[in-house]
Amino acid sequence: MNALIRLILASSVLGLFSACNRQESPAAGTIKIGNYGAITGKDGTFGDSSTKATRLAFEEINAAGGILGKQIELVVEDTQSKPGEASTVVKKLITRDNVVALIGEMTSSRSLEGAGVAQAFKIPMISPSGTNPAVTATGDQIFRACFIDPFQGAVLATFARDQLKAHRAAILTSISSAYSTGLADVFRVQFPKAGGTIVSDQKFAEGDKDFKAQLTAIKAANPDVIFLPCYYTEAALVAKQARELGITAPLIGGDGWEAPELVQIGGAAIDGCYYSAHYSAESPDPKVQAFVKKYQARFGGRTPDGMAALGYDAANMLADAIRRAGSAEPAKIRDALAATKGFEGVTGRIDMDADRNASKPAAILTIKGGKFTYVQNVSP
Amino acid sequence: MSEFLQQLINALSLGAIYALLALGYTMVYGVLRFINFAHADVFMVGAFTGSYVAKHVPSGTLLGGLAVLFAAMAVCAVLGVLIERLAYRPLRRAPVLNVLITAIGVSLLLEYGVQLTAGANPRSFPAVFPVTRFQLGPLTVSSNQLVVIAVALALVGGLQWIIYRTRLGAAMRAVSLNPRAAQLVGINLNTVIAFTFALGSALAGAGGVLYALNYPSIDPFMGVMPGLKAFVAAILGGIGSLPGAALGALILGTAETFVGGSAYSTYKDAIAFGLLIVIMLFRPAGLLGRFTVEKV
């Protein structure tokens, strides 16, 4: 269904494109870059953190004289966590604002929406944190600054088996999210490979708030660990309801958990659970510490989360590519992005592989007394 | 077996919340013959009111919890009366379709009004009632589930008493039977309708707080899905019938919970709504509704 809509959209958009030649950005002194994400709504903190960090990166670049002697002009759009909104705002950014490159979205489902449009217009796009493999498979214009779900799922399966010593795992998937189903598919294969068994496989739909039915079925299967690949709002609600039903097994999840709301809504229920993340603000790396200080100074003392770190890296990766391309033409930026090698970001050393995915390490974090605590790093 | 009983408890607490909402739909339909689509958003306002009031009462106490509940009910009752006075009363003689469109307008106004003032990000709802877990053999019951069931039972009982034992209740029944004849015997139509809205909205407000207690993440659009389900429950039970609304809500809650816990959990909404179609095919007036021929 989604693919069909995207196809129709793309073809209609292409028709327009050939009819009227897109003009070069009228303000010759600036390079326009589009940034879109869910700043409000269910996944609001993702977009908020990410777009703030992206802005911070470009502010620093502009203060240092810009790129190729030009200032960067960032145009930010909000997708409101709504399906369908991403393709609308990407179209607006490309056709009305004439941006030369795009950074967004934070989630996989909406990155997929935006990617279809960006690909049709041949405008390079970096998804800072869309981890589903399908995002970059959309076409040769689409890149990402994060690791992909197969890696994340495998890391979590091994961690559950080796560190948590779990034999029996239950899975609770959000069936309407590309991110969630993608992670679950990997875990379903990797956990048995590591010597465990999947004892219960339950599903829910995005927007659900009642998980007691699924959790009761999971409780009956008596798992040692529950794999919960979803975003923070659902993760917190599931944790609360699981503890209410008397389930004591730890929950583990992916990078979608990372937001202060996880602890605010989940409270004590989420304590002792684990998730994989892109970076930890506690890392002793001087690059990380410098970034944390700058972000806190700029945004009222708030500690940057993984989404912020990725938004920052995506912006710097793009700036690096424009610098190497020596031009702000979309086609040249794309080629330079594809050639990224050994880029030192705050989330680690990034190489672009042949499928335009970033190859880089993951961190495992736990929640202790309402605080995110670093456990260990896992390299590819 | 214990899993079955556990699911039954889950179903009961979910059904109880749907019932509180469904009663409001069915009551308004009874006196005005239209579906008040803004009802689900009154439910949302109830939850938000609860979260504001909760900041000013001691959390985790029975008294504080009841204060939050009653404050939300009072605010929603006033809101319901205001909505009726400002949006629906001027349209009393207009075709039903106009009122229906207005109801959708009011619904959007409430949703985006709250989004404008409170923001679109989901916020957490504090635990206003004391939280404990009871272990009954293999079954686990949380105090929140008990609160939901107890409050719903008390409110439905109170409603039954108001409608069948008080003069205003008798007037409501009279208006629902025949508005014109009720006016002829001296019943003030405006008072009765305003009272119906106050009553229905107070129940929705209580439902909002109870829902937020069980699923402690609230946002301006939280009413949409429960509202739709409660509407279906009201139709299922026979719109205009109070016991029907409660029965419909319990059936829907049960169907949803049992499908949700099975291998077909993804289809839980499809099956719940499919059930509606099947029942409508065999009983067009709903389970407890009476099929009346439209008088011309």
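Read-outs: derived from the displayed coordinates by stated rules, not from any lab. These figures come from a predicted structure and were not determined experimentally. Positions of Cβ are generated from backbone atoms using ideal geometry, with glycine treated the same way; all protein chains shown enter the neighbour counts.
Pairs of Cα atoms in region B:102-163 fall into 5 Å distance bins, from 0 up to the last occupied one, in shares of 4, 13, 11, 12, 11, 19, 18, 8, 4, 1, 0 percent.
Its residues counted as N, region B:194-248 yields a C-alpha radius of gyration over 2.2 N^0.38 Å of 1.21. Within the shell defined by Cβ-Cβ distances under 11 Å, the residues around residue A:136 carry a net charge of -1, with Lys and Arg each +1 and Asp and Glu each -1. Straight-line cross-link reach from residue A:360 at under 19 Å between alpha-carbon atoms covers these aspartates and glutamates, not counting any fewer than eight positions away in the same chain: A:149, A:255, A:258, A:282, A:285, A:305, A:313, A:320, A:344, A:351.
For region A:27-76, the equivalent ellipsoid built from the Cα gyration tensor has semi-axes of 25, 11, 5 Å, listed from largest to smallest.
Helix A:286-298 and the longest principal axis of the C-alpha atoms of chain A enclose an angle of approximately 80°.
Compared with the dominant Cα axis of chain A, that is its longest principal axis, helix A:232-244 is turned about 10°. Considering only B:216, B:63, B:24, the residue lying farthest towards the positive end of the dipole of chain B is B:24, judged by Cα position with unit charges set on Cβ. Stokes-Einstein diffusion of the protein assembly as shown at 25 °C, 0.890 mPa s viscosity, Kirkwood radius from Cα pairs, rounded to a whole number: 92 µm²/s. Ranked by the mean number of other Cβ atoms within 10 Å of their residues, highest first, the peptides A:228-237, A:340-349, A:282-291 fall in the order A:228-237, A:340-349, A:282-291.
Using equal-weight Cα scatterers in the Debye expression, the normalised intensity of region A:42-183 in log10 at q = 0.12 Å⁻¹ is -0.56. For the protein assembly as shown, the share of DSSP beta bridges that are antiparallel, to the nearest 5, is 45%. Each stretch of four or more DSSP H residues adds -39500 (n - 2.57); spread over every residue of the protein assembly as shown, this sum gives -18500 deg cm²/dmol at 222 nm. To the nearest ten degrees, helix A:108-121 and the longest principal axis of the Cα atoms of chain A are 20 degrees apart. Sum up the charges of everything whose Cβ sits under 12 Å from the Cβ of residue B:227, counting Lys and Arg as +1 and Asp and Glu as -1, but leave residue B:227 out. Result for the local shell: -1.
Quick note on region A:149-277: its Rg to Rh ratio, both from C-alpha atoms and Rh being the Kirkwood radius, is 0.92. Comparing mean-square fluctuations of B:191, B:49, B:117 from a GNM of chain B with C-alpha springs under 10 Å, the top value falls on B:117. Residues B:159, A:318, B:189 in ascending order of nearby Cβ atoms (within 10 Å, fewest first): B:189, B:159, A:318. Averaged over peptide B:117-127, the number of partner chain Cβ atoms lying within 10 Å of each residue's Cβ comes to 5.
Ranking A:107, A:136, A:197 by Cβ neighbours within 10 Å, fewest first, what do you get?
With the sparsest Cβ surroundings first, the list reads A:197, A:136, A:107.
On a per residue basis, the convex hull of the C-alpha atoms belonging to chain A measures out at 121 Å³. Under conditions of 25 °C and 0.890 mPa s, region B:155-198 yields 235 µm² s⁻¹ as its translational diffusion coefficient, taking Rh as the Kirkwood radius over Cα pairs in the Stokes-Einstein equation.
Look at the stretch A:78-87: the mean tally of other chain Cβ atoms within 10 Å of its residues' Cβ atoms is 1. Beta bridges assigned by DSSP with both partners in region A:149-277 are antiparallel in approximately 0 percent of cases. Computed as a quarter of the hull surface, the mean projected area of the alpha carbon convex hull for region B:6-96 stands at 7.5 nm². Extent along the principal axes, Cα only, for region B:164-296: 57, 37, 25 Å, with the longest axis given first. Protection proxy ranking of B:146-155, B:193-202, A:268-277, B:14-23, by the mean of other Cβ atoms within 10 Å over each peptide's residues and highest first, is B:14-23, B:193-202, A:268-277, B:146-155.
Counting, for every residue in A:235-248, the Cβ atoms of other protein chains within 10 Å of its Cβ and taking the mean gives 4. Counting other Cβ atoms within 10 Å as a rough exposure proxy, the listed residues A:100, B:57 run B:57, A:100 from fewest neighbours to most. Pick out which of A:64, A:315, A:339 has the largest mean-square fluctuation in a Gaussian network model of chain A, springs linking Cα atoms closer than 10 Å. Between A:64, A:315, A:339, it is A:64 that shows the largest mean-square fluctuation. Here region A:200-272 and region B:100-115 have alpha carbon centers that stand 33 Å from each other.
In a simple Cβ point-charge model (Lys, Arg +1; Asp, Glu -1; nothing else charged), chain A has a dipole of about 120 debye relative to its Cα centre. In region A:292-380, one over the average inverse separation of all distinct C-alpha pairs is 14.8 Å, which is the Kirkwood hydrodynamic radius.
With Cβ to Cβ distances under 9 Å as the rule, what net charge do the other residues near residue A:175 carry (K, R +1; D, E -1)?
Taking every Cβ under 9 Å from that of residue A:175, the sum is 0.
Rounded to the nearest 20, the size of the Cβ-charge dipole of the protein assembly as shown about its Cα centre is 1480 debye, with Lys and Arg at +1 and Asp and Glu at -1. Rg and Dmax, both from the Cα atoms of chain B and both in Å, are 18.9, 60.
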